[in-house]
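Each remark here refers to the structure printed beneath this line.
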Amino acid sequence: MNNLIEDLNWRYAAKRMNGQAVPQEKLNTILEAIKLSPSSAGLQPYNIVVISDQETKNRIFKEAAPQPQIPDASHLLVFAAWDKITAAQITEYMQLIATTRGISVESLAKFHENVTNSIEARSDEGNFNWAARQAYIALGHALVAAATEHVDATPMEGFNSAKLDDILGLTEKGLKSVVIMTLGYRDSENDGLSKAKKVRRSKEELFISI
Ligand SMILES: Cc1cc2nc3c(=O)[nH]c(=O)nc-3n(C[C@H](O)[C@H](O)[C@H](O)COP(=O)(O)O)c2cc1C
């Protein structure tokens, strides 16, 4: 079997973790995969909070996300979407493209205008929902990267976003948490799901071939 498919069969959403730390090198690979995630227009309208501080993980577990993986995870990643998209953020992105590719900002005028128009065509809420969808693609990259590193990763929507934003001071930063992910190592003895078979719809049911 292809290595990637083996790794994806190995991974599962661990319900219990054992407190073991993820080595920095493996964490760096997962974060790099998140950084390389594609996003619409390339804007990356999100930030990721990387939490290793035990007190913060404990507080999040107690006050915002009562899921047992959190205190026993090595790291907790919080994917937070920009709550609105500003003209300054778009301009900064154009400058980044120009600097990275050694081209003039002026040569990007048409692209700048198109991105601005599509952002302005939506409400702040519409843009936040759009940004959240981009953040989920980054989450997918992180899940696959973690699997290839044999690091356990549990994606989670079961948390109180307003409380989490409060604990992390995200609102002041123009961010809203949309999905979180623990990184660590499975506690096979105490996690009944660690040896459970994967449940997936058949290819015939999932794919529509035309
Ligand atoms: C967006 C998203 C949100 C999820 N939220 C939770 C959660 O809050 N708690 C949890 O234990 N698992 C959560 N899961 C894990 C799913 O239940 C799990 O991925 C699914 O049942 C498939 O199983 P597998 O990932 O072990 O193959 C979530 C998964 C995704 C993709």
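Points to keep in mind about this one:
- Within region 196-210, being among the basic types (K, R) and either touching a strand residue (DSSP E or B) at 6+ places or on another chain (Cβ under 7 Å) or assigned to a loop (DSSP other than H, G, I, E, B) (or both) holds for K197, K198, R200, R201.
- Just one of the listed residues (A41, A109) is open to solvent by 50 Å² or more (accessible area, probe 1.4 Å) and small (G, A, S), namely A109.
- Any hit, region 153-163, residues being away from the ligand (no atom under 16 Å from the Cβ) and not in a helix (DSSP H, G or I): no
- Residues satisfying the stated conditions in region 49-58, i.e. surrounded by 17 or more Cβ atoms within 10 Å (Cβ to Cβ) and either in contact (Cβ under 8 Å) with a residue 60 or more places away in the chain or away from the ligand (no atom under 16 Å from the Cβ) (or both): V49, I51
- For region 181-195, the count of residues that are within 18 Å of the chain's Cα centre (by Cα) and in a helix (DSSP H, G or I) is zero.
- Positions within region 73-92 being within 28 Å of L183 (Cβ to Cβ), surrounded by fewer than 21 Cβ atoms within 10 Å (Cβ to Cβ) and out of contact with any Phe, Trp or Tyr (no Cβ under 9 Å at 6 or more places or on another chain), in sequence order: H75
- Residue count, region 97-152 (criterion: assigned to a helix (DSSP H, G or I), away from the ligand (no atom under 16 Å from the Cβ) and not hydrophobic (A, V, I, L, M, F, W, C)): 17
- Residue that is small (G, A, S) and more than 25 Å from I34 (Cα to Cα), where the choices are S161, S177, S202: S202
- A residue that is assigned to a helix (DSSP H, G or I) and within 18 Å of the chain's Cα centre (by Cα) can be found somewhere in region 47-61.
- Yes/no for Q134 being crowded, with 18+ Cβ neighbours inside 10 Å and of a type in the set (S, T, N, Q): yes
- In region 98-117, the residues that are farther than 16 Å from S40 by Cβ form Cβ pairs under 7 Å with partners that are among the small types (G, A, S) and outside any helix (DSSP H, G or I), at six or more places apart or across chains, as follows: A98/S104.
- Pick from region 7-29, criterion of a type outside the set (S, T, N, Q) and away from the ligand (no atom under 16 Å from the Cβ), ranking: most open to solvent (accessible area, probe 1.4 Å): E25
- Residue count, region 104-154 (criterion: over 15 Å from A87 (Cα atoms), in contact with a Ser or Thr (Cβ under 9 Å, 6 or more places away or on another chain) and not aliphatic (A, V, I, L, M)): 9
- Subset of region 70-84 [under 22 Å from R186 (Cα atoms) and over 17 Å from the mean Cα position of the chain (by Cα)]: P71, D72
- With respect to being more than 16 Å from the ligand (Cβ to nearest atom) and surrounded by 12 or more Cβ atoms within 10 Å (Cβ to Cβ), N2 falls outside the description.
The values are calculated or read from the model by the stated rules, or taken from the named source; none is laboratory data. Computed from a predicted structure; not experimentally measured. Cβ coordinates were reconstructed from backbone atoms using ideal geometry, including for glycine residues, and neighbour counts include every protein chain displayed. Just the protein is used for accessible areas: all its heavy atoms, side chains included, with ligands, DNA and RNA removed. Shrake-Rupley method; radii C 1.70, N 1.55, O 1.52, S 1.80 Å.
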